[in-house]
Amino acid sequence: MKLSLELVAGRRQPGTWPRIPVVDYRQWRGIGTVVQHPDDPGVWIGGAAQLPFLGSHEAAAHGLPAALGEVSAVVSLCRVGEDQAPHIAAENHLVFWLVDSNQAADNAQLGFVLADAARAVAQFRAEGRTVYLHCVQAESRTPTVAAIYGAMLGGSAMESLRRIGRVLPNSHPNSAFMEVLRRTVGPRPEDRATATDRTACPHCGGNRRDILVARNYLCDSCRGRATDVMGQHVTLFNDFRTEGSTISPIGVAAHHEDGSRCAEVTERARAYVDGTAYRVVEGRFGGAFLLPLESPEPNADEVAPGTEDLDNYWDRAAGSLADEIQWLKVGDFLTVDYGTENPELVVYGQLSIEDDGFHCEVVSNAFMPADDWPLDSAYLVAAGWTPPGDENPNWHRIQSGAAATAALILAGLRYGRGCSDPRRLGWEPATFPDGVDED
C-alpha cells in the first residue's frame, strides 16, 4: 500500500506518512482506552497509545494490563508509523486503512475490508497469538471490527456490539459501519461453544485454542519443535517471491537455525515432531501449520533424506567435528564411530596429532571385511589415502588443519566405507595412557 501511494504521488516522500516512524496521536482524547474483547479474552481492543508497549514487559511498568506484554499480533485500523509497535514482528502487524466516515465513497468495498480485518484477528488467534485490535480512540472502527469478529464466533454482529458496549461505553460506530453490522450474522449461538473450544493437539494431546480453524492443526508448542528428516530444527513459513512491485506466493518453505534452506521440507511439504511425519500447509500472513497425514508415513529415522539436505548435514557434521579437533593436544586422539546396529560390525575413523599435522585413519579390510561392509578402495586411493601395510594396517594419511581433517575423515567414511547416514555418526576424544606409543 505504501508503494501504491507513492506511485500515485509520482515519487517517494520520505518524512511523510506512511514513511515515518510514528504517527503522533497525543493530542487526541481516548487514545489510552484498552479492554478485553467480551467474546474472546485473547483479543484486546483499544486506542493507539498502547502500541509502543505491546509485547514488552514495559506494559505493566506503565500502568497497563500486564497481559498486553503477551500480545504478539496487532491489527491496526488507522494510520500508524513504521516503528509504532516496535516489539511486534512486522509479519504479525497488519494495517487496514479505514476512514471513519459514513460516506460510501470514502471506503471502497467497505463490507469486505471490515470482514477481512475481522478475519485477520481470527487467523492470528488460530495461530495461538494474543491480539491487539485498535484504531485511534476505539470509538467507531475498532468496535465495528470487534463486533464482526464476535459474530464469527457465534450470533450476530449487533449482539456482539451490545456486549462490547458494556466494556467500551464510548463505542459508537458511524452509520455506514452500522449498516454493515446489521447485515452480519455468524454461526448460530448454540454453535458458539464449538467455535471457541480448547481442543486437544493431535500430537501432544494438550490444549489448543481453535478458532475458525476446521482442520486439526498441531499446537504452537509442537509446531515449534518441528524438525527435518535428519532431526534438525526447522522454522516453517509461507514463502513469497517479489518481482518489481508484485509479490507472489511460492508455497511452504523452511530453513534451519543457521538460516540455510531446508530442501526436504520445502519440496516434500513434510516435517517431523518427535520423529512423526506431518504435512506442512500454508497459513495466511506468511505462516505455516502442521496437519496429521491422512495415511501415516514412516518415522523420520526410516526415511532417506534428499541429496541437498544430506550434503548439508554432512557439512554440519564436519563443522562440529572440526570444533572438536581444534581442541586436541599432543597425546590426545579422537575416534569417529559409525553406528551399524550390529555390535560385531565396527566401522570407524580415527586421528591423532603428529608433528606435521593430524595422522588420520579409516578402518581397513583387515578389521572390517568388504564382505561385511562396503569398501571403495579406488575412491580412497584417488583421495590420497595410503593403503594398509605392515606399518599401518588401516587406510591412512596426514592432513593439516582441523576443518580439512574433519572433512577428510568423514569423506573417507562416507565414500570409502559406504557410511551413508550422518545420523549414525558419533565421536569421542581421549588421551593415550602413559607409556603407550601413539604410533
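The values are calculated or read from the model by the stated rules, or taken from the named source; none is laboratory data. Computed from a predicted structure; not experimentally measured. Positions of Cβ are generated from backbone atoms using ideal geometry, with glycine treated the same way; all protein chains shown enter the neighbour counts. What goes into the accessible areas is simple: the full protein's heavy atoms, side chains included, and nothing from ligands, DNA or RNA. Shrake-Rupley method; radii C 1.70, N 1.55, O 1.52, S 1.80 Å.
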Exercise. Would you check which residues across segment 303-325 are surrounded by fewer than 16 Cβ atoms within 10 Å (Cβ to Cβ) and either touching a Gly at 6+ places or on another chain (Cβ under 9 Å) or not in a helix (DSSP H, G or I) (or both) and list them?
Key: ALA304
Quiz prompt | Filter result for the condition that a residue is part of a loop (DSSP other than H, G, I, E, B) and either in contact (Cβ under 8 Å) with a residue 40 or more places away in the chain or within 24 Å of ASP301 (Cβ to Cβ) (or both), over LEU334, LEU328, LEU351 | solution = LEU328
Practice problem: May I ask you to verify whether SER101 is part of a loop (DSSP other than H, G, I, E, B), surrounded by 15 or more Cβ atoms within 10 Å (Cβ to Cβ) and in contact (Cβ under 8 Å) with a residue 40 or more places away in the chain? | Solution: yes
Quiz item: In segment 226-249, which residue that is surrounded by fewer than 16 Cβ atoms within 10 Å (Cβ to Cβ) and part of a loop (DSSP other than H, G, I, E, B) is modelled with the lowest pLDDT?
Solution: SER245
Self-check item: Filter result for the condition that a residue is open to solvent by 40 Å² or more (accessible area, probe 1.4 Å) and modelled with pLDDT under 80, over ARG223, ARG208, ARG215
Solution: ARG215
Practice problem: State all residues of segment 388-419 that are open to solvent by less than 50 Å² (accessible area, probe 1.4 Å), part of a helix (DSSP H, G or I) and in contact with an Asp or Glu (Cβ under 7 Å, 6 or more places away or on another chain); if no residue qualifies, say none. | Solution: GLY416
Practice problem: Of all residues in segment 37-65, count the ones that are open to solvent by 60 Å² or more (accessible area, probe 1.4 Å) and either more than 24 Å from ARG162 (Cα to Cα) or over 28 Å from the mean Cα position of the chain (by Cα) (or both). | Solution: 5
Quiz prompt | LEU161, sole failed condition from (1) out of contact with any strand residue (DSSP E or B) (no Cβ under 8 Å at 6 or more places or on another chain); (2) on the phi > 0 side of the Ramachandran plot; (3) open to solvent by less than 40 Å² (accessible area, probe 1.4 Å); (4) not basic (Lys, Arg) | solution = (2)
Quiz item: Can you tell me which residues in segment 104-129 are open to solvent by less than 30 Å² (accessible area, probe 1.4 Å) and not in a helix (DSSP H, G or I)?
Solution: ASN107, GLU127
Exercise. Only residues that are in contact with a His (Cβ under 8 Å, 6 or more places away or on another chain) and in a loop (DSSP other than H, G, I, E, B): list them for segment 361-387, please.
Key: TRP385
Exercise. Tell me which of these VAL75 doesn't satisfy, since it passes every other one: (1) touching a Cys at 6+ places or on another chain (Cβ under 8 Å); (2) within 30 Å of LEU290 (Cβ to Cβ); (3) modelled with pLDDT of 90 or more.
Key: (1)
